[in-house]
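Asks: Supplied in C-alpha cells, the structure appears directly below.
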Amino acid sequence: MFIHLLQLGRVPYAEGLGIQARVVAARKAGLIGDTLLLLEHPPVITLGRNSSRANVLASDEWLAARNVELHEINRGGDVTYHGPGQLVGYPIFDLRGEWPGKRGPFLGPVDFVRMIEEALIRTCADFGVLAKRIPKCTGVWTFGGGDAAASSLHPTRDAGTVTDGAPERQWRQSHISEARCGAPKPVAEKKLAAIGVHISQGVTSHGFALNVTTDLRDFEWIVPCGIADRGVTSLELEAEEGADPTMESAANSAARNFGRVFGRQMLWSESLEQLLAAAPSATGLEKAL
C-alpha cells in the first residue's frame, strides 16, 4: 500500500488551502489514495477552532504593513505561525484504512496525532536532535532541564552578532561557551513542531509545521499555540554539528519517517495534476496489494 507524496515548494497559504481542498475532495470520493502534501508558506498566522485572538500579539495593521496574512481555519488548536524555513505537512488520510494499531473501524484521532508526532520525533533524530512529547501539549518538543544556554536559545536573536555570513550555529556555540562559565539554569522544553488537524467523513486535513531554518523572531508576533511558558526552536539551532538541516533534507526525512510510522511505501508525484490524473490506477494497485 502507498502514501502519495507531493512536494509543492513555497506556496501562498490561500493557494495551499485550495490545493488541500482538491485533494481532500478526491480522497473522500475514493479517486485517490492517502496523500502527504509537503510545502512551505510565506509568513502567515493561522487561528484554529480553539484559538484566542488575544494570542496574536501584533495588530492587524502591523501585520498588513508587513504583508503577513491572517487566516481563521477549521483545524484544531490555537494560534500558529507559518513562514519560510518551516516544513508544513498536510497528511490527507482516510482513517478507515488499514493503519498500524487501528482498533475498530477508524484509526482514532488521538492515535493519528501520536503517529504524526512519532514521525516527526524520528525526523528530528535524523539530525541528531533528541525530541519528545509532552502530555496535554500536542506537538514535538526538545528535552528541558540542565543548562539553559546549552539546551537552546530564546527565539530573539541579536542580528548584529552574526556578521560576514558566519553560520548562526557558530554564534550559538560561542554564547553557550560563555554561559557555561556561570551557574547552570534549568529551562523548559521548546517546541520544534506544532500539530493541528481536521477530520471530516473520516478524512484528515491540515497537519504539522516543523521549524527547520525558520527565523524564530517571527514567533514573537504570537503566543505559539497559546502556550506562554515555553519557547520555540528549530532543527537548525538544535542539530548536532555537521548535520546542517535544509528544507530539502528535512522534507525527505519526514517523508521517509511517515512511511515507516504509517506502514506504507511513499509514492512520489511530480505535480498535483499528475497525482489526480494517475490516481485511479494507483488506487487500484493499492486494492490489489
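The values are calculated or read from the model by the stated rules, or taken from the named source; none is laboratory data. Since we're looking at a predicted model, the values are computed, not measured. Don't worry about glycine lacking a Cβ; one is built from the backbone with ideal geometry, like all the others, and counts go over all protein chains shown. When the accessible area is computed, the model is the full protein with side chains, heavy atoms only, and any ligands, DNA or RNA have been set aside. Shrake-Rupley method; radii C 1.70, N 1.55, O 1.52, S 1.80 Å.
Asks: What full-extension length gain, to one decimal in nm, is calculated for Ala21 and Ala65 as 0.36 nm per residue of separation minus the Cα-Cα distance?
Replies: Stretched fully, the Ala21-Ala65 segment lengthens by 13.0 nm.
Asks: When a/c is below 1.5 the answer is rounded, else prolate if a/b is larger than b/c, else oblate, so apply that to the range 28-147 with a ≥ b ≥ c taken from the square roots of the Cα gyration tensor eigenvalues.
Replies: Oblate is the answer for the range 28-147, as a/c is 1.5 or above yet b/c matches or exceeds a/b.
Asks: Say each of Arg53 and Asp111 gets a label point 7 Å from the Cα, pointing the same way as Cα to Cβ; how far apart are those two points in nm?
Replies: 4.0
Asks: Another question about this same structure. Given R₀ = 22 Å, FRET efficiency for Ala29-Met1 by Cβ-Cβ distance, to 0.05?
Replies: Plugging the Cβ-Cβ distance into 1/(1 + (r/R0)^6) gives 0.70.
Asks: So what's the net charge close to Asp111: Lys and Arg +1, Asp and Glu -1, counting the other residues with Cβ under 9 Å from its Cβ?
Replies: Summing Lys/Arg as +1 and Asp/Glu as -1 gives +3.
Asks: What whole-number value in Å² describes the accessible area per residue of the range 7-142 for a 1.4 Å probe?
Replies: I get 42 Å² per residue for this part.
Asks: What length, rounded to one decimal in nm, is gained on full extension from Asp244 through to Leu8, with 0.36 nm per residue of separation minus their alpha-carbon distance?
Replies: Roughly 82.8 nm would be gained on extension.
Asks: Explain nothing, just the number: relative contact order of the range 1-64, from Cα pairs under 8 Å at least 6 residues apart, as a whole percent.
Replies: 43
Asks: Oh, and also: Report the full-extension gain for the segment Glu220 to Gln274: residue separation times 0.36 nm, less the Cα-Cα distance, to one decimal in nm.
Replies: Value of the extension gain: 15.5 nm.
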